[in-house]
Amino acid sequence: MDADWIRIGRVRSVNAARRELRIVPEDGCEPLFGNSEWIHVRLADERLLRCRTTSVRWHAGSALVLLSPGVTRETVARTKGAFVVAPAGDGDRFGKVRICDLIGLRVLRVDGSVLGTVKDVYPTRGSDVVEVAATGSKTLLFPLVEPLVETVDMNRGVLIVRDTTPYAVEYED
């Protein structure tokens, strides 16, 4: 697979008559299925298929992706077992880190104090948003933007942030 693409799931089954794919996402990559109007499938012969989607819904941990009427039933049938990929830029906003890999990281302030743990990441058009289970029963939401994020250190398992006050939304669970 090209270095320009990341694997985000696999087509488990298809319903060619409905142009529907049942995709099992890679761990933590569920957010990458939410807002895209296109899906990329790497076929067994290594060709890349780009299809417009009309809807994505979730059932039993799988994404059910309905493709647009322009995709033939034969093409849909060929996708069974194929990998679903995304441009590396979609999951690679901070160096070589996929946004789905941020889930579970400890969040530290630049002074080293613990803010919490990344609970989820939500892709949006402007910037990705991180949900942090903070100390106590509080939850924080803040954007993954360069003025806020100091660094992502996957080796240490930490996301280091500057002052979140101007950016964060806080609520209690």
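Just to be sure before I move on: is Val121 surrounded by 17 or more Cβ atoms within 10 Å (Cβ to Cβ) and either among the small types (Gly, Ala, Ser) or not assigned by TED's automatic domain parsing to the domain that holds Glu30 (or both) in the structure I sent? So Val121 fits the description; yes. Residue count for the stretch 44-85 satisfying the condition of being out of contact with any His (no Cβ under 9 Å at 6 or more places or on another chain) and free of Cβ contacts under 8 Å to residues at least 60 places away in the same chain: 29.
Please indicate, with yes or no, whether at least one residue in the stretch 128-144 is in a loop (DSSP other than H, G, I, E, B) and touching a Pro at 6+ places or on another chain (Cβ under 8 Å). For the stretch 128-144, residues in a loop (DSSP other than H, G, I, E, B) and touching a Pro at 6+ places or on another chain (Cβ under 8 Å): present. Only one of these is modelled with pLDDT under 85 and among the polar types (S, T, N, Q): Asn15, Asn35. Name it. Answer to the check: Asn35. Screening the candidates Tyr122, Tyr167 for the property of being more than 16 Å from the chain's Cα centre (by Cα) and of a type in the set (Ser, Thr, Tyr) yields one hit, Tyr167.
Within the set Val158, Val149, the sole residue that is within 18 Å of Pro123 (Cα to Cα) and at pLDDT 85 or above turns out to be Val149. For the stretch 108-142, a residue qualifies if it is at pLDDT 90 or above, among the small types (Gly, Ala, Ser) and in contact with an Asp or Glu (Cβ under 7 Å, 6 or more places away or on another chain), but none of them does. On inspection, Thr135 does not qualify as under 21 Å from Ala86 (Cβ atoms) and in contact (Cβ under 8 Å) with a residue 12 or more places away in the chain. If you filter the stretch 146-173 down to residues that are assigned to a strand (DSSP E or B) and not β-branched (Val, Ile, Thr), you find that the one that is surrounded by the most Cβ atoms within 10 Å (Cβ to Cβ) is Leu159. When only residues in the stretch 67-107 that are part of a loop (DSSP other than H, G, I, E, B) and of a type in the set (Lys, Arg) count, which is modelled with the highest pLDDT? Within the stretch 67-107, the match that is modelled with the highest pLDDT is Lys80.
The values are calculated or read from the model by the stated rules, or taken from the named source; none is laboratory data. Quick caveat, the model's predicted, so the values are computed rather than measured. Because the Cβ atoms are built from the backbone with ideal geometry, glycine has one as well, and the counts that use them run over all protein chains shown.
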